[in-house]
Amino acid sequence: MTARFTVLGAEVVGLDLTDPGDLGVPVVTCDLTEPDQARAAVAKAAGLLGGVDLLVNNAGRGGPAPPSRHRARRSTPSCGSTWSAPGR
């Protein structure tokens, strides 16, 4: 996804649990299930970009998960977009 936006001329910053190091864009590491981390990461990304015009929520986790990770697996897509929204 980052490659496609970059090809179209967008400046892109990723947010993820870890930086895979091969995206070709800066990555701010954070846990999007944690409200404070999500807000801080978006603020950092906005600082790197000089603002945010578009926020794409593509967060999620797949595959089997033990019961201890069930909340995080279900929370990432919904909480991440809510907690990282500007003005939250």
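Every read-out reported here was derived from the displayed coordinates using simple, explicitly stated rules and does not represent laboratory data. Bear in mind that the values here come from a model prediction, so they are computed numbers and not experimental data. When we count neighbours, we look across all protein chains shown, and the Cβ atoms used for this are built from the backbone with ideal geometry, even at glycine.
Things worth noting here:
- Ranked by the mean number of other Cβ atoms within 10 Å of their residues, highest first, the peptides 37-50, 12-25 come out as 37-50, 12-25.
- Other-chain or far-sequence residues with amide H under 5 Å of V27's (modelled H): G14
- Integer Hz, Karplus 6.51/-1.76/1.60 couplings in order for the range 33-38, x for Gly and Pro: 7, 9, x, 5, 5, 5
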